[in-house]
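The structure under discussion appears below in the form of structure tokens.
Taken together, the values in this text are just the output of simple stated rules run on the coordinates, not laboratory data. Please read all numbers here as calculations on a predicted model, not as lab measurements. Every residue, glycine among them, receives a Cβ derived from its backbone with ideal geometry; neighbour counts consider all protein chains shown.
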Amino acid sequence: MTKKKKKQRSKSRVEILQNHKRVGKKFIPPLLQYPEGKISLVNWYRDFLPEFLWIALLCDQQGYRAAVDNAVKLSDIVNSVVRDTKQKCGFCSASDYLSISSDERAELIPKIDHGLRTVLDPCLGTILKFYPDFPMGWLVSGKWMSETSMGLEGLEGIKNAVRTRTDRFSKPAMECQVLAWFMDCKSGKIKFPAGMDIPDPNLISEYPETDRSRAMAARVRALLKAFAGMREQKSDWVSSFWRQSFEISPCEYPSEDIVHGLPEAKDLTGILEIGAQFSSEGRTELRDLWNKARIDPYEPARTNVVAGLLARSLQFASDIAQNPYLWRMPIGAILIRCMVETEIRLQWLIKCGKKEDFKEYIDFGLGQEKLLVEHYKRISQSDRPDQQMILDDIEQREAWINSQLYSFLLPVDIGGGAQGKDLRTLAEEADVLDLHRLVYSPLSSYIHGHWNAIARLNLSRCLNPLHGGHYLPELPQRPTSFSCALDAVNSYANCYELVSMALTGAIVESQAALNYIKDLGPAFEAILEQAD
Ligand SMILES: [Zn+2]
């Protein structure tokens with residue numbers, strides 16, 4: 001690499017991921033550079049909601065204002081029996097109740113008056129019925145538990161309490177957070193400057209319409225997150241809640257009408273016709289170009305390779321243009337990526353390739369074939385039902401290799417590529433690095449099935465709110481996009497221009513591609529206008 005190029009490369013690295021720390025081939029974001037355990041990221045739905053579930057249910061059963069009164073009443077009673085001053089808090093999280101000793105519990109229970117009892121039992125009892133590990137279960141009266149029978153339909157209240165609060169910004173979720181915060185304020189856990197009153201929790205009833213309610217909501221969300229990070233006492237309640245939820249309620253799949261995209265039940269005649277026309281015009285113009293090309297029959301390696309790569313590009317583009325079923329992910333992305341790889345290779349061979357590079361390209365491919373033949377020979381030595389078929393195949397393949405170069409003269413390269421360089425290097429040297437960065441690399445996720453591809457294309461969220469939003473192996477809707485056909489035909493058009501320049505000395509545009517691009521929009525619109 002030249003000094004200038006090295007400089008350009010390091011400069012472009014600086015522009016992105018600037019604040020990341022490089023460790024080997026990974027770039028570590030600033031927040032993850034802290035020593036392990038120093039930073040905890042909490043998720044409202046997963047980490048907070050199980051703790052505040054009882055508040056949520058209380059709000060749903062009693063209405064917000066009554067829930068505030070009763071929750072604060074309970075918090076006051078608990079603080080009146082807790083002896084360790086360090087323990088005093090709002091007791092808004094279910095796990096806070098684990099730390100109350102048996103003596104304190106015995107002292108506390110009689111302090112719950114009849115009014116509060118009739119509110120707490122149906123709320124906490126409902127949760128206890130389904131979650132035996134519920135840390136507030138000891139507050140429920142044994143009488144209520146034994147006298148109340150509850151089928152699985154009773155779970156609906158809990159499910160609804162969670163469903164309506166999965167979004168942290170929703171009004172029910174905000175009420176829940178404000179109430180928890182208010183309990184902490186009243187208990188003195190959250191301190192206010194002298195002379196400043198604790199804001200009225202009922203202000204949140206104006207949320208999100210008024211400025212003051214939105215300001216309150218923002219402040220409460222920030223405070224609760226900060227408190228969660230500082231919480232010393234960790235309990236197993238949160239993980240136990242999710243695991244038990246999975247045991248007692250089934251997954252919920254997305255509705256059945258998963259649409260597979262545009263082509264189904266549509267008349268595709270127009271699209272198919274222009275695809276066929278492109279294919280036919282493309283073949284004609286390829287012949288015309290070759291008639292004008294300067295070919296050296298004595299050393300044809302260069303034009304042989306270029307011809308093959310350009311024809312491959314046209315073949316892909318034709319197949320895609322004639323099959324709208326391919327215009328969706330991941331198959332569309334995989335095909336386009338093959339085309340872009342061909343385009344980058346062609347760019348490099350034409351701009352940078354020397355005579356020996358074309359020979360090397362051919363030798364590499366023949367070497368791959370020879371390697372396969374060697375493996376076939378190895379397995380054909382053992383007795384197997386398909387032995388004769390393998391022997392025939394070996395004979396055919398060897399004859400094909402020998403028709404080009406004697407097999408015994410052929411080196412086998414088990415390295416990564418024809419030019420002994422990876423595709424990124426080829427793209428950089430051919431000055432088409434952005435084609436690699438912005439098109440080829442992102443599409444690679446679809447080939448390898450990286451998470452960013454499979455999470456979009458192969459998974460759907462479980463709709464049961466008690467399941468935390470895990471994924472199900474369900475195929476979500478995939479739109480059919482005509483940009484797939486455009487990308488394919490454009491890639492071919494680029495290759496065509498490049499080759500025309502290299503072989504004839506003049507840049508010629510692909511008329512087949514121009515015609516297709518002109519006709520595709522109206523053809524696609526005609527399909528969209530068709531009634532479902
Ligand atoms: Zn599920």
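Taking the longest Cα principal axis of the chain as reference, the axis of helix 171-187 is set at about 50 degrees. Rounded to the nearest Å, what's the spacing between the alpha carbon centres of the range 264-299 and the range 190-204? Just the number, please. Cα centroid to Cα centroid, the span is 75 Å.
In the range 119-222, which trypsin sites (Lys or Arg not before Pro) fall in coil by DSSP and have 13 or fewer other Cβ atoms within 10 Å? Passing sites in the range 119-222 are Lys191. Compared with the alpha-carbon gap, the fully stretched path from Asp47 to Arg287 is longer by 79.9 nm at 0.36 nm per residue.
Less than 20 Å apart at the alpha-carbon level, and either on another chain or at least 8 residues along: which aspartates and glutamates does that give for Lys26? Within reach: Glu15, Glu36, Asp422.
Relative to the longest principal axis of the Cα atoms of the chain, the long axis of helix 482-504 lies at roughly 30 degrees. Residues whose amide H falls under 5 Å from that of Arg461, counting only those 5 or more places apart or on a different chain, are Leu472, with hydrogens built in the peptide plane. The ranking of Cys59, Cys251 by Cβ neighbour count inside 10 Å, starting from the fewest, reads Cys251, Cys59.
Under the criterion of Cα pairs below 8 Å and six or more residues apart, the relative contact order for the range 269-529 equals 33 percent. Spatially, the range 334-361 and the range 103-160 are offset by 71 Å when compared through their Cα centroids. With neighbours defined as other Cβ atoms within 10 Å of a residue's Cβ, the residues Tyr446, Tyr253, Tyr496 order from fewest to most as Tyr253, Tyr446, Tyr496. Length available on full extension from Arg219 to Arg65: 0.36 nm per residue minus the Cα-Cα distance, which gives 53.4 nm.
Taking only the C-alpha atoms of the range 258-371, Rg followed by Dmax gives 17.6, 58 Å.
Here is the link list: Lys88/Lys186; Lys292/Lys351; Lys377/Lys421; Lys73/Lys189. Which ones come out longer than 22 Å on Cα distance? Violating the 22 Å limit, Cα to Cα: Lys377/Lys421. Remark: Leu268, Leu349 ranked as Leu268, Leu349, counting other beta-carbon atoms within 10 Å and listing the fewest first.
Using only alpha-carbon positions in the range 451-532, the gyration tensor eigenvalues give semi-axes of 42, 20, 6 Å once each is multiplied by 5 and square-rooted (largest first).
Can you tell me the FRET efficiency between Asp103 and Leu152 if r is taken as the Cβ-Cβ distance and R0 is 45 Å, rounded to the nearest 0.05? The computed FRET efficiency comes out at 0.75.
Normalising the average separation of contacting C-alpha pairs (under 8 angstrom, six or more residues apart) by the number of residues puts the relative contact order of the chain at 17 percent.
Charge tally for Trp242 (other residues, Cβ to Cβ under 13 Å; Lys, Arg +1; Asp, Glu -1): -3.
Over the chain, the alpha carbon radius of gyration divided by the compact-protein estimate 2.2 N^0.38 Å works out to 1.43.
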